[in-house]
1. Any residue at all in region 85-99 that is open to solvent by 70 Å² or more (accessible area, probe 1.4 Å), modelled with pLDDT of 95 or more and under 24 Å from V13 (Cα atoms)?
2. I need the full set of residues from region 39-70 which are loosely packed, with under 15 Cβ neighbours inside 10 Å, free of Cβ contacts under 8 Å to residues at least 24 places away in the same chain and in a loop (DSSP other than H, G, I, E, B), in order please.
3. Would it be correct to say that A16 is assigned to a helix (DSSP H, G or I) and crowded, with 17+ Cβ neighbours inside 10 Å?
4. Do you know which of the residues in region 79-93 that are among the hydrophobic types (A, V, I, L, M, F, W, C) and either touching a residue at least 24 places away in the same chain (Cβ under 8 Å) or touching a strand residue (DSSP E or B) at 6+ places or on another chain (Cβ under 8 Å) (or both) is farthest from M110 (Cα to Cα)?
5. Would you mention how many residues in region 19-37 are in a strand (DSSP E or B) and at pLDDT 95 or above?
6. Residues E17, E28: which one is over 14 Å from R137 (Cα atoms) and acidic (D, E)?
7. Please indicate, with yes or no, whether at least one residue in region 111-118 is within 17 Å of the chain's Cα centre (by Cα), among the charged types (D, E, K, R) and closer than 24 Å to F73 by Cβ.
8. Can you name every residue in region 108-144 that is surrounded by 20 or more Cβ atoms within 10 Å (Cβ to Cβ) and part of a helix (DSSP H, G or I)?
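The values are calculated or read from the model by the stated rules, or taken from the named source; none is laboratory data. Quick caveat, the model's predicted, so the values are computed rather than measured. All Cβ positions, glycine included, derive from the backbone under ideal geometry; neighbour counts span all protein chains shown. Only protein heavy atoms, including side chains, enter the accessible area calculation; ligands, DNA and RNA are left aside. Shrake-Rupley method; radii C 1.70, N 1.55, O 1.52, S 1.80 Å.
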Amino acid sequence: MKLHLQNTFIGTVGIAEHDGCITNLYFEQDKLPVGIERGETTGLHEAFRQLNSYLEGNLTTFSLPLAPAGTPFMRAVWQFLSTIPYGATASYRDVAVSIGNPLAARAVGMANHRNPLPILIPCHRVIGKDGKLTGYRGGLRLKKMLLDLERGV
């Protein structure tokens, strides 16, 4: 696995790649894995190109080979999150219903919390059923900023 760090206007971001697939995105406050090899690959370069284009408001859909590690339930949640359109939101319950498990809103929240590819798999688009912003690994300030960016605010 290779990790590349880059400064962005949301702070230092790390992106990891393994066997040609993007596996993790780390925010500045996240703890990086011990012993991970630092470097840059064509895939990591492309991931940062797309991330920066998104953060500039010029990209609405990522086209990267993603390989997030998680349970089948988590992967089902993350797969659904990738279908929430740019600028739109869904509640935790909406996600639970959409993956066929309407009583799993809390488990959806945990899957969001463990999403290894925030932004790339847009867990920031999931909000409380009352429309309020709820937890985000990058912090609620960043979650609001990403939603505002997508809404053109």
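1. Yes, because at least one residue in region 85-99 is open to solvent by 70 Å² or more (accessible area, probe 1.4 Å), modelled with pLDDT of 95 or more and under 24 Å from V13 (Cα atoms).
2. E56, N58, S63
3. The answer is no for A16.
4. Per the stated criteria, the residue is A88.
5. Total meeting the criteria: 6.
6. Only one candidate passes the filter, namely E17.
7. yes
8. Within region 108-144, V108, A111, N112, C123, H124, R125, K143 meet the criteria.
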